[in-house]
Amino acid sequence: MHQMTLAEIARGLADKKFSSEELTKVLLARISQLDPQLNSFISLTEALALEQAKAADARRANGESGALLGAPIAHKDLFCTQGIRTSCGSKMLDNFKAPYDATVVAKLAAAGAVTLGKTNMDEFAMGSANESSWYGAVKNPWNLEHVPGGSSGGSAAAVAARLLPAATATDTGGSIRQPAAFTNLTGLKPTYGRVSRWGMIAYASSLDQGGPLARTAEDCAIMLQGMAGFDQNDSTSIDEPVPDYSASLNESLKGLRIGVPKEYFSAGLDPRIAELIQNSIKELQKLGAVIKEISLPNMQHAIPAYYVIAPAEASSNLSRFDGVRFGHRCENPENLIDLYKRSRGEGFGPEVQRRIMVGAYALSAGYYDAYYLKAQKIRRLVKNDFMAAFNEVDIILGPTTPNPAWKLGAKNSDPVAAYLEDVYTITANLAGLPGLSMPAGFVDGLPVGVQLLAPYFQEGRLLNVAHQYQLNTDWHTRTPTGF
C-alpha cells in the first residue's frame, strides 16, 4: 500500500480495494517503524487520523467521491491545526496549540484528506537544509548522511521514504522545489496569492507561498486542487477561478516554446547536473517542444536582494514572539527588557537570530534606502526580465539546484554557502511566479531536479509538462534503498 501514489490510492478507494482506515493504519505503523531514522515528523496525530479515516469511509459509503476523500497526508508544522501543536520547528512555539485551522488545512480536511501528523522543518522556515529545527535535523532517505533540503525537508523526506503519498509545504525562496530536487519528488510552488496564507505562520509575507510535495505531477495536481482558491481572510489571496488541474495533464507538448536562460549554465553549476538538464531538454524535444535560449540579465542580483527583503520581513513578522503576546517566556525575568531579551534569546535558534538581526539592520534609520529600497527595485527588475522572457516562450527550464544534497553539517559554518544554493529558485519568489521541480536523474546516488517556471496562474501548464515528461521517463518511480 505504501508504494501507491495519491492517484492510485484514489482509484483503490473508489474501487473498494481497501478502506481509508486500513490504509491509515498501515502508514501510521510504517511511520512508527521508520521515522526514527529520518526525524521527518514533529507530531503524529494517530487519533485524529483514524477518526478522519473512518469519517471518509462513511462518506464514500454514502455515495460521495473525490480524489482526496480518505487520502493520507501530513502538514508542514507551520500550518495552524486546531488543538494540535504548531511549532514552526522552534522552541519558541514548542507548546503552542493553534486555536483554529489554517485555510489550507480546513480545505483539505473538507475534501476528506486524513492528517497523519505535522512534519519537521527549518526553524520558522529559515534554511535550505532542515538542520535549524529545534527538534533536530531531518535526514535524506536517499543517504542518511545528507540533508533533505529545506525548509520543507520533513515533508519531503516523509514522502520520499514512502511514509505517506503527499504533504503540504511552503516555499519562500525555494523551500518546496529544492527539497523536491534533493529527494526525487515533484514539488510545486504556486503563483503568489493562489493558495491562502491565512493560518500559515509567516516568515516573509511577500514571498511565502504554500504548495504540495508529492511523487508525481498528477499527485501535485490533485493536492493543488484541494489547496487553491480565494480566501477573504487573506488580503494577499487572489480572486481568480481555479481550473481543473488534472484535466489538462494529457495535453500535447507539440509546439510548446521552452526557454533556457544562458545565465543558468555558469561556472557555479555542477557539470553533471548540467548534463542531466540537457538530457531533460532532449526528452521534451522528442515530445514536440521547441527550445530557445533566453536571458535573465538581473538574475545575478537576485540573491543579495532576496537576503535583504526576506530577513527584513522576518524581523517584522517575528517581533510578535516576545514572551508576552506569543511564544516562549523565560523564567523569573528581572524587568520587561530582560523578559524580551531572554525570551527571544532562548526561544530562537542561531539562524533565526541571524536573519532577524540582518533584517532589523536593513530596516533601520539611515539604511532603509541603501538596502531595503534598493532590493525592492532589483526585485522589480527581476520581474521585468521574466515578463520579457514570457513574451518569447511559454515556460522556462533549468536546474533546480546547482549541486546535489550536501552532507549534514557541511555548510553550518558558512551560511552564505547555503544561501547560494537558492540561486535558481529565489527569482520565482521575488517575481511571484509559479515554479515546479521534477526528478531528472542522479549524481553519486543522490537525486537531481529540473525546474520549470511559467507565467502567473499557469500552474496547469507546469503540471502538464511535468506529467508528460514523467510518462516518458522513470526517474520519479525510483525508491530509496531501505524504504
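The values are calculated or read from the model by the stated rules, or taken from the named source; none is laboratory data. This is a predicted model, so every value here is computed, not measured. Because the Cβ atoms are built from the backbone with ideal geometry, glycine has one as well, and the counts that use them run over all protein chains shown. Quick note on the areas: whole protein, heavy atoms, side chains included, nothing else; ligands and nucleic acids left out. Shrake-Rupley method; radii C 1.70, N 1.55, O 1.52, S 1.80 Å.
Residue under question is residue 398, and the condition is that it be open to solvent by less than 10 Å² (accessible area, probe 1.4 Å) and touching a Phe, Trp or Tyr at 6+ places or on another chain (Cβ under 6 Å); does it hold? Considered against the rule, which asks whether it is open to solvent by less than 10 Å² (accessible area, probe 1.4 Å) and touching a Phe, Trp or Tyr at 6+ places or on another chain (Cβ under 6 Å), residue 398 comes out as yes. Residues in segment 332-346 that are touching a helix residue (DSSP H, G or I) at 6+ places or on another chain (Cβ under 8 Å) and open to solvent by 70 Å² or more (accessible area, probe 1.4 Å): 346 only.
When residue 89 is tested against (1) open to solvent by 10 Å² or more (accessible area, probe 1.4 Å); (2) under 25 Å from residue 345 (Cα atoms), just one condition goes unmet, and that condition is (1). Note on segment 423-465: residues that are at positive phi and assigned to a loop (DSSP other than H, G, I, E, B) amount to 4.
Might you let me know whether segment 42-60 holds any residue that is farther than 21 Å from residue 81 by Cβ, at pLDDT 95 or above and not in a helix (DSSP H, G or I)? No, every residue in segment 42-60 fails to be farther than 21 Å from residue 81 by Cβ, at pLDDT 95 or above and not in a helix (DSSP H, G or I). Of 410, 417, all but one fail to be surrounded by fewer than 17 Cβ atoms within 10 Å (Cβ to Cβ), of a type in the set (A, V, I, L, M, F, W, C) and not in a helix (DSSP H, G or I); the exception is 410. Residue 310: of a type outside the set (Phe, Trp, Tyr) and within 30 Å of residue 252 (Cβ to Cβ), yes or no? No, not satisfied.
When the test is whether a residue is open to solvent by less than 20 Å² (accessible area, probe 1.4 Å), within 23 Å of the chain's Cα centre (by Cα) and in contact (Cβ under 8 Å) with a residue 12 or more places away in the chain, residue 258 does not pass it.
Determine whether segment 144-152 contains at least one residue that is open to solvent by 10 Å² or more (accessible area, probe 1.4 Å) and either touching an Asp or Glu at 6+ places or on another chain (Cβ under 7 Å) or part of a loop (DSSP other than H, G, I, E, B) (or both). Yes, segment 144-152 contains at least one residue that is open to solvent by 10 Å² or more (accessible area, probe 1.4 Å) and either touching an Asp or Glu at 6+ places or on another chain (Cβ under 7 Å) or part of a loop (DSSP other than H, G, I, E, B) (or both).
Condition first: surrounded by fewer than 16 Cβ atoms within 10 Å (Cβ to Cβ) and within 25 Å of the chain's Cα centre (by Cα). Can you find one or more residues in segment 103-115 that meet it?
Yes, some residue in segment 103-115 is surrounded by fewer than 16 Cβ atoms within 10 Å (Cβ to Cβ) and within 25 Å of the chain's Cα centre (by Cα).
For segment 21-36, indicate whether the set of residues that are modelled with pLDDT of 95 or more, surrounded by 18 or more Cβ atoms within 10 Å (Cβ to Cβ) and assigned to a loop (DSSP other than H, G, I, E, B) is non-empty. No, segment 21-36 contains no residue that is modelled with pLDDT of 95 or more, surrounded by 18 or more Cβ atoms within 10 Å (Cβ to Cβ) and assigned to a loop (DSSP other than H, G, I, E, B). From the list 65, 87, the one residue that fits, being under 20 Å from residue 150 (Cβ atoms), in contact with a helix residue (DSSP H, G or I) (Cβ under 8 Å, 6 or more places away or on another chain) and in a loop (DSSP other than H, G, I, E, B), is 87. Whenever a residue of segment 352-378 is surrounded by 12 or more Cβ atoms within 10 Å (Cβ to Cβ), its partners that are at pLDDT 95 or above and charged (D, E, K, R), lying with C-beta atoms within less than 6 angstrom and at least six residues away or across chains, give the pairs 352/123. Can you name the number of the only condition in (1) touching a Gly at 6+ places or on another chain (Cβ under 8 Å); (2) more than 20 Å from residue 478 (Cβ to Cβ); (3) small (Gly, Ala, Ser) that residue 180 fails? Single failed check for residue 180: (2).
Scanning segment 19-36 for residues that are in contact with a Phe, Trp or Tyr (Cβ under 7 Å, 6 or more places away or on another chain) and not charged (D, E, K, R) turns up 31, 34. Quick check on this structure: which one of 235, 155 is under 19 Å from residue 131 (Cα atoms) and either touching a strand residue (DSSP E or B) at 6+ places or on another chain (Cβ under 6 Å) or open to solvent by 10 Å² or more (accessible area, probe 1.4 Å) (or both)? Residue meeting the stated conditions: 155.
Under the condition of being open to solvent by 10 Å² or more (accessible area, probe 1.4 Å) and either aromatic (Phe, Trp, Tyr) or touching a helix residue (DSSP H, G or I) at 6+ places or on another chain (Cβ under 7 Å) (or both), the residues counted in segment 201-225 number 8. Here is the figure for segment 300-319: residues that are of a type outside the set (Ser, Thr, Tyr), open to solvent by 10 Å² or more (accessible area, probe 1.4 Å) and in contact with a Phe, Trp or Tyr (Cβ under 8 Å, 6 or more places away or on another chain) total 4.
Evaluation of residue 136 against the conditions (1) touching a strand residue (DSSP E or B) at 6+ places or on another chain (Cβ under 8 Å); (2) open to solvent by 20 Å² or more (accessible area, probe 1.4 Å); (3) not in a helix (DSSP H, G or I); (4) not β-branched (Val, Ile, Thr) shows that the sole unmet condition is (1).
Please go through segment 447-473 and give me each residue that is among the hydrophobic types (A, V, I, L, M, F, W, C) and open to solvent by 10 Å² or more (accessible area, probe 1.4 Å), ordered by number.
457, 471
Would you be able to say whether some residue in segment 394-412 is under 30 Å from residue 444 (Cβ atoms), touching a residue at least 24 places away in the same chain (Cβ under 8 Å), hydrophobic (A, V, I, L, M, F, W, C) and in contact with a Lys or Arg (Cβ under 7 Å, 6 or more places away or on another chain)? Yes, there is a match, as at least one residue in segment 394-412 is under 30 Å from residue 444 (Cβ atoms), touching a residue at least 24 places away in the same chain (Cβ under 8 Å), hydrophobic (A, V, I, L, M, F, W, C) and in contact with a Lys or Arg (Cβ under 7 Å, 6 or more places away or on another chain).
Scanning segment 153-170 for residues that are closer than 18 Å to residue 46 by Cα and part of a helix (DSSP H, G or I), we see that the one that is nearest to the chain's Cα centre (by Cα) is 155.
Scanning segment 399-437 for residues that are closer than 21 Å to residue 375 by Cα and at pLDDT below 95 yields 415, 416, 417, 418, 419, 420, 421, 422, 423.
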